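Some notes on the structure that comes next.
What follows is calculated from the coordinates using simple rules that are stated; it is not laboratory data. As the structure is a computational prediction, the values presented were derived from the model and not from experiment. Note: ideal-geometry Cβ built from the backbone for every residue, glycine included; neighbour counts use all protein chains shown.
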Amino acid sequence: GYRSRAAYKLKQLDREVDLLPSGATVVDLGAAPGGWLQVAAEEVGPQGRVVGVDLQRIDYLDDVKTPVELVRGDMTEEDTRDDIKKAAGPGGVDVVVSDMAPNMSGEYSLDHARSVHLARMALETAEEILKSGGHFAVKVFDGQDFEDFVDDVEQEFNYTRVMSPDASRDSSSELYVVGKSKIRAPIREGD
Ligand code: SAM
């Protein structure tokens, strides 16, 4: 079985927009406890590679033939983003996904603002490590800054879509922004 119910959301995103091509290298931000990692490993297969990042420790994935690398760190810190760039390698990666969510305060506008901040960290990381033609999917809580964020994703990808997977209908403010086929090459140091 999967480690999280969230796994079914990634399966649905992949079914609808073909997010996880066989053989792809995937970076999964906010990956604990590892449901998305399991789905990503399944979909990319043994020729692919998966890198999982979270504040929390993630237990190793047994029974997968896909190489998996785990990074423990805070995505709002530069050091963590540097570790991911190292793990991604100089050629960049094919897919960046983020299911990061803030600790909920219960105050709607604050939770929204924190969610958008995490989503922006994911977009920035995608700008830095995602290959041209690569794909991106990120969770964002709906709210006043949502459309601005979608506009910024649209600048980077040939095709952008907002999705609400069935598995997340119970928390109605949760949306996924999917960017397919990145326009620019990764931003490398010294470029
Ligand atoms: N997709 C995961 C799965 O299927 O198992 C579930 C992810 S859970 C909804 C959100 C995760 O985001 C939490 O594990 C949390 O620790 C992580 N997170 C929140 N803020 C973060 C940050 N600043 N840096 C890294 N991870 C973060």
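Amide H of GLY52 versus every other amide H placed in the peptide plane: which residues, excluding those fewer than 5 positions away on the same chain, fall under 5 Å?
Under 5 Å from the amide H of GLY52: ASP28, GLU69, LEU70, VAL71.
Please give, to one decimal in nm, the separation of the simple spin-label points placed at ALA113 and MET163, each 7 Å out from Cα toward the Cβ.
Computed distance between label sites ALA113 and MET163 equals 3.1 nm.
Throw me the Rg/Rh for the chain, computed over C-alpha atoms with Kirkwood Rh, two decimals. Before the final figure, lay out each step's value.
Details: Rg = 15.2 Å, Rh = 16.3 Å.
Reported Rg/Rh, Kirkwood definition of Rh: 0.93.
Need one number: nm distance between label points at VAL64 and GLU78, each 7 Å from Cα along Cα→Cβ, rounded to one decimal.
Label at VAL64, label at GLU78, 3.1 nm between them.
Which GluC sites (Glu not before Pro) in the range 18-118 pass both tests, a DSSP loop state and at most 10 other beta-carbon atoms within 10 Å? Present the calculation step by step, with values, prior to reporting the outcome.
Values: sites: GLU42, GLU43, GLU69, GLU77, GLU78, GLU107; in loops: GLU77, GLU107.
Here the sparse-neighbourhood loop sites are GLU107.
Across all directions of projection, what mean area in square nanometres is found for the Cα convex hull of the range 30-99? Numbers along the way, then the final one.
Details: hull surface 17.9 nm².
Average of the hull's projected areas for the range 30-99 equals 4.5 nm².
Please report how far the C-alpha centroid of the range 124-182 lies from that of the range 15-41, rounded to the nearest whole angstrom.
The distance from the Cα centre of the range 124-182 to that of the range 15-41 comes to 15 Å.
Go through THR76, TYR60, MET104 and say which Cα lies farthest out towards the positive end of the charge dipole of the chain; charges sit on Cβ, +1 for Lys and Arg, -1 for Asp and Glu.
Highest projection toward the positive end goes to TYR60.
Between LEU55 and ASP18, with labels modelled 7 Å along Cα→Cβ, what's the label distance in nm to one decimal, could you check?
A separation of 3.7 nm, rounded to one decimal place.
In debye, nearest 20: dipole of the range 6-182 around its Cα centre with unit charges on the Cβ of K, R (+) and D, E (-)? Write out the running numbers ahead of the final one.
Values: 18 positive and 35 negative charges, 111 e Å.
Rounded to the nearest 20 debye, it is 540 debye.
Among VAL93, TYR8, VAL26, whose Cα projects farthest towards the positive end of the dipole of the range 1-107, with charges put on the beta-carbon of Lys, Arg (+1) and Asp, Glu (-1)?
Value: TYR8.
Order 91-104, 142-155 from most to least packed using the mean count of other Cβ atoms within 10 Å.
Numbers: 91-104: 20.8, 142-155: 15.1.
Per-residue Cβ counts within 10 Å, averaged per peptide and sorted highest first, yield 91-104, 142-155.
Below 8 Å between Cα atoms, with a sequence gap of 6+, how large is the relative contact order for the chain in percent? Don't skip to the end; give the middle numbers.
Numbers: 390 pairs, mean separation 35.9, N = 191.
It comes to 19 percent, rounded to a whole number.
Using θ = phi - 60° and the Karplus relation 6.51 cos²θ - 1.76 cosθ + 1.60, list the HN-Hα couplings for the range 104-111 in order, rounded to whole Hz, with x at every Gly or Pro.
6, 8, x, 8, 4, 5, 5, 4
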